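Let me begin by presenting the structure, written as structure tokens, before commenting on it.
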């Protein structure tokens, strides 16, 4: 199928100009003024912006957490993204503790299959990574998952210990893949939260006040130090 977009204001990372765009087999093949080309569909974009599709690299669709569920699933979230000009999202698949990361990936593929209206990919949230499963990180890269998320927060849910961080950093370095860190001292923060709740401090502002900047700084420093050693 071919599409001709006429009279649009084309915005790129470096340019801003009026032009026509010819798309063939879902790829832009020609950009120019007053294109005279036969197309299956013609769109008059006069007075409108024509921009590259955005990529949102951090979404949480159909995600269970703490007895709740994220507001959007893989139908409503990508639909809203498309209306805003975002044409690709990278969501976070979650490995359940004790299970293979591939089981988590299969679960998230099932959530998205047949629903997502735009392109999507996945990061993998790792909740444990014993030596016996380190090879999965390399195999995940072969499946197109080249970034992993690890949490120093949320003990008992997503938290991983320093040994897991070390093994994951080391394996990612060997694979040429990337680690995304949620860096804050979740163990201490949980104690601060308990104290705040016991004192009746449950207003929304206490979400931030129970997470001191110093605890984030400690987590950032510790994760960097472990990565350097790994």
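We did not get these values from a lab; they are worked out from the coordinates using the rules stated. This is a predicted model, so every value here is computed, not measured. Every residue, glycine as well, gets a Cβ built from its backbone with ideal geometry; the counts of neighbours run over all protein chains shown.
Read through the labelled values [x] 1.03; [y] 1.18; [z] 1.30 and report the label of the one computed as Cα Rg over 2.2 N^0.38 Å from the structure. Given [x] 1.03; [y] 1.18; [z] 1.30, the calculated one carries the label [z]. Taking other Cβ atoms within 10 Å as a rough exposure proxy, 162, 56 sort from fewest to most as 162, 56.
Fewest neighbouring Cβ atoms within 10 Å first, the residues 159, 166 line up as 166, 159. Short-range pairs are left out: with C-alpha atoms under 8 Å and at least six residues apart, the relative contact order of the stretch 54-229 is 16 percent.
For the stretch 71-97 and the stretch 104-171, what is the separation of their C-alpha centers, rounded to whole Å? Spelled out, the Cα-based centre of one part sits 17 Å from the other. Secondary-structure-derived ellipticity at 222 nm for the chain, considering helices only, amounts to -10000 deg cm²/dmol, per-run term -39500 (n - 2.57) for DSSP H runs with n ≥ 4. Going by neighbour counts of Cβ atoms within 10 Å, the residues 59, 68 line up, fewest first, as 68, 59.
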